[in-house]
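Okay, so here's the structure we're looking at.
The values are calculated or read from the model by the stated rules, or taken from the named source; none is laboratory data. Given the structure is predicted, the values throughout are model-derived calculations rather than measurements. When we count neighbours, we look across all protein chains shown, and the Cβ atoms used for this are built from the backbone with ideal geometry, even at glycine.
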């Protein structure tokens, strides 16, 4: 057997491990993951648990969510409410999800065509995909929203009826968003459906909505 074949066999049978990497390299890799995956890495080993709890790592995750607040204001809030723990802020303070799509169904009723009949129920859907640092994908569809959800998950900016907008978190559980759909600009004031739910919020409400025409 040649030396190359022996070497190949050793490589194929070798168990890959991150233990040979220095701490700063592992942290750099963790920074490319989302916060939920990093939280799960705490179960791998005591070393990874220590690294996955690094304050600067969680400060970065929090910066992606509460990007509209200054770092100094956010750090003051963390110190007052969470004893300086950025990880506790992320896991316990209600905030927007980046790993899914929010679907708001709107139903209204129109008068019946003939007297004595039931009113006509008409439904449409507002679909939101939030991204870090204030970017928003928005679609308004009056049919089965499955196709819009697929666009959102793929973050297909060229999809029909899919519009890019902006948002920011304000006053705890409230979100202000603005979307330019061409002839008008939509202003939507959203809020979490479960304001006491810790961490990522699964529900969204639209209590206030407005628009104005472009000049």
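Given the criterion over 15 Å from the mean Cα position of the chain (by Cα) and closer than 28 Å to residue 177 by Cα, identify the matching residue among 101, 65, 44, 78.
On the way: 101 fails: over 15 Å from the mean Cα position of the chain (by Cα); 65 fails: over 15 Å from the mean Cα position of the chain (by Cα); 44 fails: closer than 28 Å to residue 177 by Cα.
78 is the lone residue from the list that is over 15 Å from the mean Cα position of the chain (by Cα) and closer than 28 Å to residue 177 by Cα.
Does residue 199 satisfy being surrounded by 12 or more Cβ atoms within 10 Å (Cβ to Cβ) and at pLDDT below 70?
On the way: surrounded by 12 or more Cβ atoms within 10 Å (Cβ to Cβ): yes; at pLDDT below 70: yes.
The answer is yes for residue 199.
Go through the stretch 119-154 and give me each residue that's outside any helix (DSSP H, G or I) and either at positive phi or in contact with a helix residue (DSSP H, G or I) (Cβ under 6 Å, 6 or more places away or on another chain) (or both).
Taking the stretch 119-154 and keeping what is outside any helix (DSSP H, G or I), we get 119-131, 135-145.
Across the stretch 119-154, the qualifying residues are 127, 129, 137, 139, 141.
Conditions first: (1) within 17 Å of residue 91 (Cα to Cα); (2) not in a helix (DSSP H, G or I). Residue 68 passes all but one, so which condition is the exception?
The single condition residue 68 does not satisfy is (1).
Of the numbered conditions (1) closer than 21 Å to residue 134 by Cβ; (2) surrounded by 12 or more Cβ atoms within 10 Å (Cβ to Cβ), residue 73 fails exactly one; give the number of that condition.
The failed condition is (2).
Suppose the filter is assigned to a helix (DSSP H, G or I), free of Cβ contacts under 8 Å to residues at least 60 places away in the same chain and either over 20 Å from the mean Cα position of the chain (by Cα) or closer than 19 Å to residue 31 by Cα (or both); does residue 84 pass it?
On the way: assigned to a helix (DSSP H, G or I): no; free of Cβ contacts under 8 Å to residues at least 60 places away in the same chain: yes; either over 20 Å from the mean Cα position of the chain (by Cα) or closer than 19 Å to residue 31 by Cα (or both): yes.
Answer is no for this residue.
Give the stretch 30-44 a look and list any residue that's loosely packed, with under 14 Cβ neighbours inside 10 Å and free of Cβ contacts under 8 Å to residues at least 60 places away in the same chain, or say none. So that I can check it myself, show each step before the final result.
Taking the stretch 30-44 and keeping what is loosely packed, with under 14 Cβ neighbours inside 10 Å, we get 31-32, 34, 37, 40, 43-44.
Residues satisfying the conditions are 31, 32, 37, 40, 43, 44.
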